[in-house]
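The values are calculated or read from the model by the stated rules, or taken from the named source; none is laboratory data. Quantities reported herein were computed from a predicted structural model and do not represent experimental measurements. Glycine also receives a Cβ, built like all others from the backbone with ideal geometry; neighbour counts cover every protein chain displayed. To get the accessible areas, we keep the full protein, side chains included, count just its heavy atoms, and leave off ligands, DNA and RNA. Shrake-Rupley method; radii C 1.70, N 1.55, O 1.52, S 1.80 Å.
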Amino acid sequence: MIWAKTKDLLRERLTDHAYNTWFEPVTCIAETPSEIILEVPNQFFYEWIESHYRRTLDTIFKNDFQQNLSIKYTVSPETVKSVTAGEEPLIRSERSAKTTPPLLNRNYTFTSFIEGANNQFARAAAFSVAESPGQSTFNPLVIYGGVGLGKTHLLHAIGNHILQTRPGIKIVSASSEKFTQDFISSIQKNKTVEFSRYYRKADILLIDDIQFFQRKEQTQEQFFHTFNVLYQAGKQIVMTADQYPGEMKGLQERLLSRFQSGLSVDIQPPDFETRVAILLEKAEMNGLELPYTYIEFMATHIKDNIRELESTIIRLLATSSLFNREIDLELVKKVVRERLGQRALVDLSFEDIVRRVSRLTNVTEKEIVGVRRTKHIAQARQIAIYLCREILNNSLSSIGLYFGGRDHTTIMHACQKIESRLSSDLQLKNLVNSARQELNRIPA
Ligand code: ADP
Ligand code: MG
């Protein structure tokens with residue numbers, strides 16, 4: 001009730017724009033005398049509301065309702081909407097009367113997963129498991145890699161695919177933290193039998209982030225047994241981890257060797273083309289039409305985390321709608337700069353520099369790092385080398401390595417040559433300057 005009234009007051013007090021952007025999509029899922037639980041579309045909403053509207057909300061609670069309410073947030077994709085009325089929920093908790101939300105994010109599908117060289121193998125393995133769970137040699141399947149690269153996405157895509165294609169199959173999905181919590185609370189409540197039954201009834205068990213099992217001996221013990229029961233019954237197990245299972249510390253040997261008995265596949269950070277593809281897709285998903293140059297700009301600067309690519313788009317959308325402002329390059333730069341902070345200034349790579357020089361000189365990237373020495377190509381190469389040295393300040397030999405295994409004297413020579421010609425050759429100077437300008441990227 002309070003939330004409904006609060007919304008009315010917010011609607012009166014905020015601009016339409018702000019209200020529609022930040023509060024219209026928010027729903028209240030529970031209210032107690034001391035607390036209110038809000039469901040928001042994504043993490044970004046939560047951050048934004050907390051940092052921009054917390055005071056407004058507190059004032060309303062206090063002045064209009066004479067209450068001090070604390071606010072908790074949940075992000076809506078977690079409480080999956082794909083389970084509509086009448087359908088069997090994916091997981092029905094046997095432990096308590098309250099239904100556990102099925103922990104599959106319905107947006108994480110194979111269709112919405114963009115393939116690139118960095119994740120192709122992982123995707124193929126995941127898809128194969130989703131098509132024939134338990135039947136391939138990919139059991140267990142472990143998907144590992146850094147933060148925000150799509151491990152959870154693939155894990156849930158397997159679940160969602162099976163949900164669609166084999167309605168009868170029992171999917172149990174949990175993070176290793178949830179597994180741990182469930183285990184601990186089952187001990188406290190004397191319900192370890194129920195706990196075991198719940199996890200062992202799975203036809204396919206999806207466990208996210210197994211690194212959180214590290215140093216939790218009891219939980220590992222439990223997981224080991226669960227694993228064995230399922231494995232021996234030919235059930236499929238898929239796990240994700242932040243590193244190669246063979247190298248994980250704080251996990252029992254026998255667990256590690258079980259994990260490695262199937263297939264481990266990694267996901268690498270996306271390359272430039274994949275980043276562009278992901279941004280295009282995310283922009284479209286959010287109904288945002290962006291010129292290619294903006295997309296490219298973002299892809300150049302935001303590199304090693306797909307979650308960040310995604311939130312850049314959302315932030316762009318939010319900022320533009322909040323301030324009622326057209327999306328232009330300035331705004332794009334502002335948002336990127338906010339996301340990157342200091343990193344923006346150092347985050348360039350050889351690859352970026354070579355790409356820019358390639359554009360400006362019409363010599364392909366391959367040729368730039370290749371062996372041919374026609375005048376045009378050699379000059380482009382020298383410019384690229386010079387800029388790498390100037391901007392990245394890498395060692396001569398590491399630059400040499402990147403440029404086709406040339407030795408450090410060649411690199412030094414190239415740098416000197418460009419430097420000496422810069423004062424006299426205006427055309428060269430312009431070229432180098434425009435490359436610099438583009439690469440010197442975000443104006444301070
Ligand atoms: P991880 O579990 O590896 O930390 P997530 O699976 O949570 O990463 O991915 C972070 C975000 O990036 C998610 O919103 C996910 O949908 C998105 N994402 C990751 N990889 C891809 C991809 N290849 N195509 C489209 N979206 C992706
Ligand atoms: Mg994850």
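Would you check which residues across the range 119-144 are within 16 Å of ligand 2 (Cβ to nearest atom) and either modelled with pLDDT under 95 or in a loop (DSSP other than H, G, I, E, B) (or both) and list them?
Across the range 119-144, the qualifying residue is only 119.
Do any helices (runs of 4 or more DSSP H) lying entirely in the range 339-427 carry at least 3 residues that are modelled with pLDDT of 85 or more, and which ones are they? Spell out how you get there, then give the answer.
Numbers: elements: 350-361, 365-369, 375-387, 396-402, 408-422.
By residue number, 350-361, 365-369, 375-387, 408-422.
Does residue 177 satisfy being open to solvent by 20 Å² or more (accessible area, probe 1.4 Å), more than 30 Å from residue 306 (Cβ to Cβ) and either part of a helix (DSSP H, G or I) or within 12 Å of ligand 2 (Cβ to nearest atom) (or both)?
no
Identify all residues within the range 26-68 that are in a loop (DSSP other than H, G, I, E, B) and open to solvent by 60 Å² or more (accessible area, probe 1.4 Å); write none if there are none.
Kept after step one, since they are in a loop (DSSP other than H, G, I, E, B), are these residues of the range 26-68: 26, 32-34, 41-42, 66-68.
Matches in the range 26-68: 32, 33, 34, 66, 68.
Applying the selection to the range 287-314, what residues are farther than 20 Å from residue 153 by Cβ and either open to solvent by 40 Å² or more (accessible area, probe 1.4 Å) or among the aliphatic types (A, V, I, L, M) (or both)?
287, 288, 289, 290, 291, 292, 293, 295 - these are the residues of the range 287-314 that are farther than 20 Å from residue 153 by Cβ and either open to solvent by 40 Å² or more (accessible area, probe 1.4 Å) or among the aliphatic types (A, V, I, L, M) (or both).
Taking the stated definitions as given, is residue 24 within 25 Å of the chain's Cα centre (by Cα) and either among the charged types (D, E, K, R) or assigned by TED's automatic domain parsing to the domain that holds residue 319 (or both)?
no
Open to solvent by 70 Å² or more (accessible area, probe 1.4 Å), within 16 Å of ligand 1 (Cβ to nearest atom), modelled with pLDDT of 85 or more and not polar (S, T, N, Q): is that true of residue 110 in this structure?
Answer is no for this residue.
Which of the residues that make up the range 215-243 are over 20 Å from residue 104 (Cα atoms) and either within 16 Å of ligand 2 (Cβ to nearest atom) or small (Gly, Ala, Ser) (or both)?
Across the range 215-243, the qualifying residues are 233, 234, 243.
Inspect the range 160-170 for any residue being within 12 Å of ligand 1 (Cβ to nearest atom) and of a type in the set (D, E, K, R) and give the result as yes or no.
no
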